[in-house]
Number of protein chains: 2
Amino acid sequence: MNDQPFDLDPAVIDRFAAIVGDKYALRDQADIAPYITERRGLWHGRTSLVLRPGSVEEVSRIMRLATETGTPIVPQSGNTGLVGAQVPDKSGHDIVLSLSRLNRIREIDVLSNTVTVEAGVILQTLQEAADAADRLFPLSLAAQGSCQIGGNLSSNAGGTGVLAYGNARELCLGVEVVLPTGEVFDDLRKLKKDNTGYDLKNLFVGAEGTLGVITAAVLKLFPKPKGREVAFAGLPSSPKDALSLFTLAMDRAGASLTAFELIARRPYDFTLKHGQGITRPLADDWPWYVLMQVSSGRSEEDGKALIEEILSAGLEQGIVGDAVVSASLAQGDAFWNFRETLPECQKPEGASIKHDISVPIASIPDFIEKAAGVVEGVCPGARVVCFGHMGDGNLHYNISRPVDWQDEPFLELYHPMNKAVHDVVRSFHGSISAEHGIGQLKRDELLATAPPMAIDLMRRVKAAFDPAGIMNPGKVI
Amino acid sequence: MNDQPFDLDPAVIDRFAAIVGDKYALRDQADIAPYITERRGLWHGRTSLVLRPGSVEEVSRIMRLATETGTPIVPQSGNTGLVGAQVPDKSGHDIVLSLSRLNRIREIDVLSNTVTVEAGVILQTLQEAADAADRLFPLSLAAQGSCQIGGNLSSNAGGTGVLAYGNARELCLGVEVVLPTGEVFDDLRKLKKDNTGYDLKNLFVGAEGTLGVITAAVLKLFPKPKGREVAFAGLPSSPKDALSLFTLAMDRAGASLTAFELIARRPYDFTLKHGQGITRPLADDWPWYVLMQVSSGRSEEDGKALIEEILSAGLEQGIVGDAVVSASLAQGDAFWNFRETLPECQKPEGASIKHDISVPIASIPDFIEKAAGVVEGVCPGARVVCFGHMGDGNLHYNISRPVDWQDEPFLELYHPMNKAVHDVVRSFHGSISAEHGIGQLKRDELLATAPPMAIDLMRRVKAAFDPAGIMNPGKVI
């Protein structure tokens, strides 16, 4: 393979560049660098051209030329994806298509509770715009300050708001997509109900840019809660307590239960040890913790009464050992900050092998028990760091190296550890990628372990929508 | 065309019959009759064979033989669909595949809040089984005593529970599908989050049996509300009041607002006049009415307080003229009965032309005003009968003939009336089939009026999944 990233025909590059203008056609490797390396540095590719179109029309012309010249296109928005879907491969044949200049919020319709937004809008910008319109856009995740809506939709992003409001797919009512041929599929509907044929929207959402380029979408907005109460609870024995508490909380709060996060003792301790400006949420230590949030459309008092009712019942039933309800918005934010700092605080403990998995909620306690056994089998002394969105059946099941190991020998166990954990996931009919997607990271495993029928059907979809195979090749399927 | 329905090769019929056994291979036209006529008698087709398989394995063998012999298959479950999707055409070439013997509830998982259910289970049976397990299965519609889950999924059924719980698609976590080739696609997942490739499930849901045969599904269950309060409100001026009241109710109740139905004065009066055992909900007459339901996971008192808070605020703001909250479960049921009797009570008023439409919620008042004008243009004196699931933007916008007309001349206006109303729908970027689907009824209109790009993409999906075109031909696309 050529080490120089100039594998595209210069005449073709010129034609692409002419569509967006020289200013927005990056050819200098210094300018290109931020687009070919993912932020953690885990994925690194090559290209000789990054295009930054400023309109849907330009995206359309780019795709038309890509089809004509057989040039592979890698769509990219915020470049925060965790599975390498938005990064070109090392061949140097791909062009990166950055959507970040398509950053208009086209319309907020407060009465219909919808927002029409372009792919390059930063998630936090959208959250703030919704807030200013007295509405809630509930998608919320660690990268929200830099991730963009196009990537959120293409990866069907999850995060902490899924329990009550759904993932990116469920928040999306309509899409505008530029197809590989350059044709624009305008499906920007604001409709909650529409049974006029096949569900095309949900094919593009979650397709990681392999079927077309999402350039805009209609997303749902929600009334802004008037009360938002956060509690931190310590559980006395096992994840079974957490399952009982979740069932109890769902029973009382229903869709007012807006978060239910499980945290094991080890990540809790890591955060107390390594976190900056972290306050200990509970006086005593417990084997498991839950961060729970209840939202009320009526008032703070109503939310507080509801969350206290749930916790009291939990204490009475012995499934909660101790709990504290945030006394202020600031304390609620501190609890959330504790939760969001967990991944960061795993780093000082050395190399880790991570898994973004989901299982049926009822299987979470058994999964945790069984997985701990196989982890110990692969690497005695390895430290399980388990936390996640329990209400969605989604755990970030990470493994830190044994205390007395170096990083490298542990990371050599990456594949056997992955396989061992994922085999347990599969034994519970779970998912090896609950919210991060497939990208490059899990493509081989998906192809090797998914039901052949599923792979066959996905390949038919891919061939039907992208017969020339120019949309983000080497990703997902 | 042959008047006798024996267009299939008798040797082929014998081979199909051998799969299910003679008892379940209906060849006698008297036995076949209920399967080829839709209950209202609007759709009537022909066939010489109805197959009633008793297992997924038999469905698989039927489809394999159908592929081998090029025999078109029309899947059918409860035969209550309103657009003719489940009825064979008049050619006599199709075999009807009835799923009604696949009627097992395979598993209720109360902790994961899921039920795994076969296509032939009657909706009400499922509701009752969920109830017995202290859970709610919220899909609810007029035909629930006879419609079956396979049809509910294939038509992406809506109904009165969509506002808080979603339509059939949103209630479905996984499917088991027999493909045209007879291969079984087992995708019966209980996972709320699973980002491992393209969303195949949502292609089969809502495809009206044109891509494969749904034989089973994993559906969501919910905690059973402890309080369910129903109110009937009279609105003083226009649908704008209803929009304001809806916004107010959503703001206070959020997902606890479990129904918001709009009813115009005319269907209200028809129901008072023609309904059996109907009680007048409100003392005075109002131009518009709303049936609203609030559910509480905490208690009846909590639900009552919430709904009264909403109505008080509505009265104060002048958008509610009068309202009554059900004093008992029985009165709540009576309010619902009033709502559900509306379609029935339109019949004694003579022929009607119906529309199942949706528009963005904010556009409902303008739609109602504009549509009334075009109806009067097509047929002066025609009576608009407007009611529906306002919270979903979905109206059943029906037109009864003028009082002094006969049925037939009015029904001759079917096509111009449809076109006029649907043109208004399209001008608001709405849907001409919000919850009933396309089937045979709206296929030509869909093909003629949908964006060509949407039709092209749907055709590609159809060709990718059913290249031989044997799945429910002539429906949807």
- The distance between the Cα centres of the range A:449-477 and the range B:393-450, in whole Å, is 38 Å
- Relative contact order for the range B:10-98 using alpha-carbon pairs under 8 Å, separation at least 6, rounded to a whole percent? 34 percent
- Query: Carbon-plus-sulfur fraction of the accessible area of the protein assembly as shown, 1.4 Å probe, in percent?
  - Reply: 52 percent
- Debye, to nearest 20: dipole size of the range A:10-98, +1 on Lys, Arg Cβ, -1 on Asp, Glu Cβ: 160 debye
- Item | Full-stretch length increase - A:D407, A:D423 - with 0.36 nm per residue and alpha-carbon distance subtracted | 3.4 nm
- Item | Extension gain (nm, one decimal) between B:I455 and B:Y414, 0.36 nm per residue minus Cα-Cα | 12.3 nm
- How much net charge surrounds B:L139 when only the other residues with a Cβ under 12 Å from the Cβ of B:L139 are counted, with Lys and Arg +1 and Asp and Glu -1? 0
- Item | Greater than 26 Å apart at Cα, pairs in A:K224/B:K304; A:K190/A:K224; B:K442/B:K462; A:K201/B:K192; A:K193/A:K304 | A:K193/A:K304
- Taking Lys and Arg as +1 and Asp and Glu as -1, residues besides B:E128 with C-beta under 13 Å from its C-beta add up to 0
- Query: Under a point-charge model restricted to the Cβ atoms of Lys and Arg (+1) and Asp and Glu (-1), what is the dipole moment magnitude of the range A:211-300 relative to its Cα centre, in debye to the nearest 20?
  - Reply: 280 debye
- Item | Copies compared at B:A313 - label distances in nm, ascending, label defined 7 Å from Cα in the Cβ direction | 2.5
- Sort shortest first the distances from A:G377 to its counterpart in every other copy, using label points 7 Å along the Cα-to-beta-carbon line, and give them in nm. 7.2
- Task: Report the one residue of A:G145, A:L441, A:V384 whose Cα lies farthest in the direction of the positive end of the charge dipole of the protein assembly as shown (charges on C-beta: Lys and Arg +1, Asp and Glu -1; origin at the Cα centre).
- Result: A:L441
- Item | aspartates and glutamates whose Cα lies under 16 Å from that of A:K419, excluding same-chain neighbours fewer than 8 positions away | A:D356, A:E376, A:D444, A:E445
- What FRET efficiency would be calculated for the residue pair A:Q124, B:D22, taking the C-beta separation as r and a Förster radius of 60 Å, to the nearest 0.05? 0.35
- Can you give the accessible area per residue of the protein assembly as shown, in Å², using a 1.4 Å probe? 35 Å²
- Query: In the neighborhood of B:A233, defined by Cβ-to-Cβ distances under 10 Å, what is the net charge if each Lys or Arg adds +1 and each Asp or Glu adds -1?
  - Reply: -2
- Take the alpha carbon gyration tensor of the range B:227-346, find the square roots of its eigenvalues, order them as a ≥ b ≥ c, and report rounded if a/c is under 1.5; if not, report prolate when a/b exceeds b/c, else oblate. oblate
- Message: To make sure I understand the rule: partners must be lysines, Cα under 27 Å from the Cα of B:K23, and not fewer than 8 residues away in the same chain. Which ones qualify?
- Response: B:K90
- Query: Does the range A:350-428 come out rounded, prolate or oblate, given a ≥ b ≥ c as the square roots of the eigenvalues of its C-alpha gyration tensor, rounded meaning a/c under 1.5 and, failing that, prolate meaning a/b above b/c?
  - Reply: prolate
- Message: Need the full-extension length gain, A:T279 to A:D333, defined as separation in residues times 0.36 nm minus the C-alpha distance. One decimal, nm.
- Response: 18.3 nm
- Note on the structure: In terms of the charge dipole of the range B:227-346, which places +1 on Lys and Arg and -1 on Asp and Glu at the beta carbon, the residue among B:W286, B:S312, B:G332 farthest towards the positive end is B:W286
- Inter-part gap, Cα centre of the range A:342-358 to Cα centre of the range B:137-159, in whole angstrom, is 44 Å
- Taking the Cα centre of chain B as origin and charging only Cβ (+1 Lys, Arg; -1 Asp, Glu), how large is the dipole, in debye to the nearest 20? 520 debye
- Message: Within chain B, which whole H helices from DSSP have a Cα span along their axis of at least 15 Å and a mean Kyte-Doolittle hydropathy of -0.5 or more, if any?
- Response: B:10-20, B:56-69, B:239-253, B:300-316, B:364-378, B:452-465
- Message: Taking a ≥ b ≥ c as the square roots of the Cα gyration tensor eigenvalues, with a/c under 1.5 meaning rounded and otherwise prolate when a/b beats b/c, else oblate, which class fits the range B:1-123?
- Response: oblate
- Task: State the answer as a single residue: which of B:L257, B:L243, B:T271 lies farthest towards the positive end of the charge dipole of the range B:233-314, with beta carbon charges of +1 for Lys and Arg and -1 for Asp and Glu, about the Cα centre.
- Result: B:T271
- Using the 7 Å Cα-to-Cβ label point, sort the distances from A:E301 to its equivalents in the other copies shortest first and give them in nm to one decimal. 1.5
- Can you pull the one-decimal nm distance between simple spin-label points at B:R40 and A:S238, each 7 Å off the Cα toward Cβ? 5.6 nm
- Message: Contact order normalised by length for chain B, with contacts defined as Cα pairs under 8 Å and 6 or more residues apart; what percent is it?
- Response: 15 percent
- Take the alpha carbon atoms of the range A:193-225, find their center, do the same for the range A:233-256, and report the distance between the two centers in whole angstrom. 32 Å
- Tell me, what is the FRET efficiency for B:S299 and A:S55 to the nearest 0.05, using R0 = 45 angstrom and their Cβ-Cβ distance as r? 0.25
- Message: Which aspartates and glutamates, if any, have their Cα less than 12 Å from the Cα of A:K226, not counting same-chain residues under 8 positions apart?
- Response: A:D134, A:E300, A:E301, A:D302, B:D251
- Rg (Å, one decimal) plus Dmax (Å, integer) for the alpha carbons of the range A:85-176? 14.0, 49
- Message: Need the per-residue list for the range A:435-477: every residue with at least 30 Å² less accessible surface in the complex of protein chains than in the chain by itself, probe 1.4 Å, sorted by number.
- Response: A:M453, A:L457, A:M458, A:R460, A:V461, A:A464, A:F465
- Item | log10 of Debye I(q)/I(0), alpha-carbon scatterers only, for chain B at 0.11, 0.13 Å⁻¹ | -0.95, -1.27
- Query: Using a basic spin-label model with each label point 7 Å from the Cα along Cα→Cβ, how many nm lie between A:D444 and A:A30?
  - Reply: 3.7 nm
- Message: Using only DSSP helix segments of four residues or longer, with each worth -39500 (n - 2.57), what per-residue ellipticity at 222 nm results for chain B after dividing by its residue count and rounding to 500?
- Response: -11000 deg cm²/dmol
- Message: Consider the operator that turns chain A into chain B: which A residue has a Cβ nearest its axis, and what is that gap in Å?
- Response: A:A255, 2
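The values are calculated or read from the model by the stated rules, or taken from the named source; none is laboratory data. Computed from a predicted structure; not experimentally measured. Every residue, glycine among them, receives a Cβ derived from its backbone with ideal geometry; neighbour counts consider all protein chains shown. Surface accessibility is based on the protein's heavy atoms, side chains included, excluding ligands, DNA and RNA. Shrake-Rupley method; radii C 1.70, N 1.55, O 1.52, S 1.80 Å.
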